Amino acid sequence: MTNRSYKVRFYKTEVYKGKRGTTHTVRWSVDGRRHGETFKKSALAESFRATLLVAANNGEPFDRDTGRPASHAALSTEITWYEFALQYVDMKWSRISANNRISTAKALTKATLALLRTEPVQYEGVDVRKALREYAFNKNRRDEAPPEYRAILAWIRRNSLPMSAWEDTKHVDAVLHALDTVLDGTPAAASSAKRYRRILNVVLRHAVRQNVLRANPMPKGKEENAAPKTSGAVDKRSLLNPHQVAALLIWIAARPRTDHRLTVFFATLYYAGLRPEEAVALRVEDTVLPVAGWGELRVHTAEPEVGSHWTDDGEVHETRNLKGRASGDTRTVPVHPDLVASLRDLIARDQLKPGDLLFPGEKGGLLAGSVYRRIWTKARKAVLPEHEYDSPVGKRVYDLRHTCLTTWLNNGIPPAQVADWAGNSVPVLLSTYARCITGQIAELQQRIEGPQSLPGMPMLPVAAGLPRPRSAARSAGPTR
């Protein structure tokens, strides 16, 4: 290990006599770094000192940080944080999704930069982060790192602190600060900070299970430096009304080339509440489209777009099971008659066969997220007034799904049924859309108006300065 040295020097044992008793402190230094260990009895101190002397006489190297000989070192001093992080990535790689791999790489990059002996000022910051995120913590590309990034990673390997650094609150606080901020030092989005903390918490729990750390140092609950609070609730301002959706889809349909497909793609999100990665995976055989009335979509696959560097097959999309569902599970979603007509027209117009994708890209593959996001942004810019374009309304394609689910809930569809159609649990559904449920206040108020009334209790004025009724005034206090 580069953190070890054979330059060990021993000093006379210090004896301190205080009011609470006498202590004996063994003093020694490793490569100029002084260390000490205190004992209540001289015999214990001399025994410990003799052990160190034997190790030095046997030619053992000593750790500069802990001062202990190699034979006494714990696992937390034997392995650096960087080495442990690499081992964790390799262990976890095949068990997590490509999106999770990206988030893990980002979290570990932030933690690694905070656990260096010194800052890598000789390298550009963007290059250091890229070397860690894109190569070191990407198992597929680690051996493909260009020479300039290999040099950076070699420097990081030499200058990474040992795992024992997690036992020092100074280093723990430094890592938490790195997770909670962006490059310019301003606070990161609460959702991002919480996600990175959750990932790091899993990493450190693994370190405890491997006996590398004695305890997980991450703060919990209401402790200082605990994770920032986040709200998973949908912003009501992001929801679209039917007139806005219609105007956006009409503008998109008027575009040349293949935008008739994108029109139906966006309509599917609005009418059926699908996630975009579920819609791009739909095939003709997954639909039940009668000539008239309601139809069905049988959703069983998602194709999230994550980048070819993070998938096992090198494809941009990763084929996944439905979110929150068991492997191979299928979700049946009702199809509005208007959407049935649009899907039937699309299939006939493009002469699609049962095994074909409903919404293929221009070259026949999966529809790229960059394509439909770009068209949606252009449509908002062209259709919405400036004040609405600058607002959160429909800012993300995902807001079409939020609008659909909110519409179902506001029109009396039971939450359990909406959750089943949407692929959510009921608690998640209610916590996400609670602020968007409207139109039921008057009925709910009528339900509790009578039961909450107090029998025989006069209605007292609440506005400041209003005169009190005489009956209330007489009964308010003692008579004179």
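Please treat every number below as a calculation from the coordinates, not as lab data. Everything numeric here is computed off the predicted structure, so don't read it as measured data. Glycine also receives a Cβ, built like all others from the backbone with ideal geometry; neighbour counts cover every protein chain displayed.
Points to keep in mind about this one:
- Positive-end ranking of ALA379, MET218, ILE156 along the dipole of the chain, with charges on Cβ about the Cα centre, is headed by MET218.
- The range 31-71 versus the range 100-148: alpha-carbon centroid distance in Å: 36
- Maximal additional length on extending the ASP184-ASP312 stretch stands at 42.7 nm, based on 0.36 nm per residue less the C-alpha distance.
- About its Cα centre, the range 108-255 has a charge dipole of approximately 600 debye under the convention of +1 per Lys or Arg Cβ and -1 per Asp or Glu Cβ, with nothing else charged.
- Order of THR181, THR432 - criterion: other Cβ atoms within 10 Å of each residue's Cβ, fewest first: THR181, THR432
- Charge sum, other residues only, whose C-beta stays under 15 Å from THR186's C-beta, Lys/Arg counted +1 and Asp/Glu -1: -1
- Between ALA233 and ARG198, the simple spin-label model (points 7 angstrom out along Cα→Cβ) gives 1.9 nm.
- On the beta carbon distance between ARG298 and ARG142, with R0 = 35 Å, the FRET formula returns roughly 0.30.
- What the Kirkwood sum gives for the chain is a hydrodynamic radius of 28.2 Å, with every pair of different alpha carbons counted.
- R0 of 51 Å, Cβ-Cβ distance THR377-ARG33: FRET efficiency to nearest 0.05: 0.35
- Least to most buried among SER71, SER431 (fewest other Cβ within 10 Å first): SER71, SER431
- Values of log10 I(q)/I(0), in the order q = 0.17 Å⁻¹, for the range 315-432 under a Debye, Cα-only, solvent-free model: -1.29
- Rounded, prolate or oblate (a/c below 1.5 giving rounded, otherwise prolate when a/b exceeds b/c) for the range 4-73 by Cα gyration tensor: prolate
- Electrostatic dipole magnitude of the chain [Cβ: Lys, Arg +1; Asp, Glu -1; Cα centre; debye, to 20]: 2160
- The coefficient of translational diffusion for the range 339-381, derived via Stokes-Einstein from the alpha carbon Kirkwood radius under 37 °C and 0.692 mPa s, stands at 278 µm²/s.
- In the chain, taking the dipole from charged Cβ atoms about the Cα centre, the farthest positive-side position among LEU176, HIS317, TRP294 is held by LEU176.
- Using the Cβ of HIS260 as centre and a radius below 14 Å, the other residues enclosed give a net charge of +1, where K and R count +1 and D and E count -1.
- Exposure proxy for LYS139, LYS17: other Cβ atoms within 10 Å of each Cβ, ordered fewest to most, give LYS17, LYS139.
- Extended-chain gain in nm, criterion 0.36 nm per residue less alpha-carbon gap, HIS387 and THR332: 16.0 nm
- The stretch between SER191 and ARG214 holds 5.4 nm of extra length on full extension. This uses 0.36 nm per residue minus the Cα-Cα distance.
- Remark: the Cα gyration tensor places the range 100-158 in the oblate category, a/c being 1.5 or greater and a/b not exceeding b/c.
- Over the chain: helical MRE at 222 nm, DSSP H runs n ≥ 4 each giving -39500 (n - 2.57), nearest 500: -13000 deg cm²/dmol
- Three-way shape call for the range 81-209 based on the alpha-carbon gyration tensor, with the a/c threshold at 1.5: rounded
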